[in-house]
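No value in this document is a laboratory result; all are computed from the given coordinates. Predicted model, so just to flag it, every value in this text is computed and none were measured. Note: ideal-geometry Cβ built from the backbone for every residue, glycine included; neighbour counts use all protein chains shown.
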Amino acid sequence: MSNHSSLNTIEKSNSRKGSGIIDTDVHHEIRSTQDLLPYLSDHWKRYISDYGWVPERSIPFNQIRKSTKYRMDSVPEDGATPGSSFPLLKEQLLDKHNMTHAVLTGWFYEASVAKGWFEFATARASAYNDYTIEHWLEKDKRLLGSITISRDPQAAVREIERVGSHPQMVQVMMPIGDFAWGDPQYHPIFEAAHRNGLAIAMHLSASITAQGGDFLRYYVAWRSVHPQAYMTQTISLITNGVFDKFPDLKVALVEGGFEWVPFMMHRMDSAYKALRQETPWVKRMPSDYFRDNMRFTTQPWDDLTPKQFLNVIDMMGSEEMIMYASDYPHWDFDPPERTLPQQIPDSLRQKILFENARNFYKL
């Protein structure tokens, strides 16, 4: 059942019109780690206030992009981090583009940190969720939230149970790093999300590495390799039987593009036909799980021609698999008016901009 009945007024209006825009990837930021202090116990506060802990977000070859990671006009007047100002986000995104909803995906991914000291990561994740609720979700009903978790499955389940009933929390954020979420040790997280009527979102993190080895030297190489990490996650979810355990579970692969999806659907089907005895718990063709349980976002948009784009849709065998994402406030922000080819059918355009996300999040 949906936890989001309080949003019905907004959604009923757009349903009648058959139109709207739902942005599935909006990065809201904290101004600094000091923003977390009101939500931490005294035990954990000192690691920030006294010892100066800061998150490890940068990657060695990304320094050239550090000053231009964001849209230049997204810097607040006081010089704070882009994405940390609700009034500016409201002006530049929600109001300017007439958004029905925007899903906050953040950039404070505690589950992507290295193994160890999960207690502190768990405390920070809880603090970030509370900060998001108070300073973002409570300010605008158009905003929807993602639950930040640590990598410890038991702690993650507790956090999902703690804030999962909030009417604007729609998914659990599981960042993509250098490990695969399909491993059975993480299945309690999927079970908790499923039990609470929440979707799963997977988004790249700074710890993402090349699947063939950590050989990357440049930002352009790191950016180009992202689809490999998303492929790894989809393969892991399917072969470890996540969707056989939780048939109604929905997973959004956010900011990984979608052009690679038909290739992986067909490649997995081919392997499954020859080797299905290796994973007897997988009961369906892999492509069925792609269509029924996974969704993918437009960002980063790769300037496909209308013919190329429609060919990708045709190879997917579904018009329901792609959802719009802007990636605000980053440098490669995609406005909804210019993301999709103008020559595609209006019905398909509206599915991607609105209907697919509305159905995915059960709004």
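Quick notes on this one:
- When the Cα positions of 252, 97, 275 are compared along the charge dipole of the chain, 275 comes out farthest toward the positive end, with charges on each C-beta of Lys, Arg, Asp and Glu.
- Packing here is the average count of other Cβ atoms within 10 Å per residue, and on that basis the peptides 224-233, 245-254, highest first, run 245-254, 224-233.
- Looking at the chain, the pairs of alpha carbons with a distance over 36 Å make up 17% of the total.
- Long-range HN-HN contacts of residue 53 with modeled amide H, under 5 Å: 48
- Residue-by-residue Karplus 3J(HN,Hα) for the stretch 332-342, coefficients 6.51, -1.76, 1.60, Hz, glycine and proline x: 9, 3, 10, x, x, 5, 10, 7, 9, x, 5
- Theoretical FRET efficiency, 1/(1+(r/R0)^6), r = Cβ-Cβ of residue 283 and residue 218, R0 41 Å, to 0.05: 0.45
- Translational diffusion coefficient (Stokes-Einstein; Kirkwood radius from C-alpha pairs) of the stretch 244-296 at 10 °C, 1.306 mPa s, in µm²/s: 133
- Whole-Å distance, taken between Cα centres, linking the stretch 109-156 and the stretch 319-363: 26
- Loop-located trypsin sites (Lys or Arg not before Pro) in the stretch 105-181 (DSSP state other than H, G, I, E, B) with a sparse environment of at most 13 neighbouring Cβ atoms within 10 Å: 115.
- Each of 226, 20, 52 was scored by the projection of its Cα onto the charge dipole of the chain, and the greatest displacement toward the positive side belongs to 20; charges sit on the C-beta of Lys, Arg, Asp and Glu.
- With at most 11 neighbouring Cβ atoms within 10 Å, loop GluC sites (Glu not before Pro) (DSSP) excluded, longest segment of the chain: 78-363
- When only Cα pairs below 8 angstrom with a gap of at least 6 residues are kept, the chain shows a relative contact order of 20 percent.
- Among residues other than residue 315 with Cβ under 14 Å from its Cβ, the summed charge is -1 (Lys and Arg +1, Asp and Glu -1).
- Length gained on full extension, residue 134 to residue 269, computed as 0.36 nm times the residue gap minus the Cα-Cα distance: 44.1 nm.
- With contacts taken as Cα pairs under 8 Å and at least 6 residues apart, the stretch 83-159 reaches a relative contact order of 37 percent.
- Legend: calculated FRET efficiency, residue 95 to residue 51, from the Cβ-Cβ distance at R0 = 41 Å, rounded to 0.05, equals 0.50.
- Distance cut-off 25 Å, percentage of C-alpha pairs in the stretch 223-363 lying past it: 27
- Amide proton proximity set for residue 251, modelled H, under 5 Å, gap of 5+: 200, 294, 295
- ³J(HN,Hα) computed for each position of the stretch 69-76 - Karplus, 6.51 cos²θ - 1.76 cosθ + 1.60, integer Hz, glycine/proline x: 5, 10, 4, 5, 7, 8, 7, x
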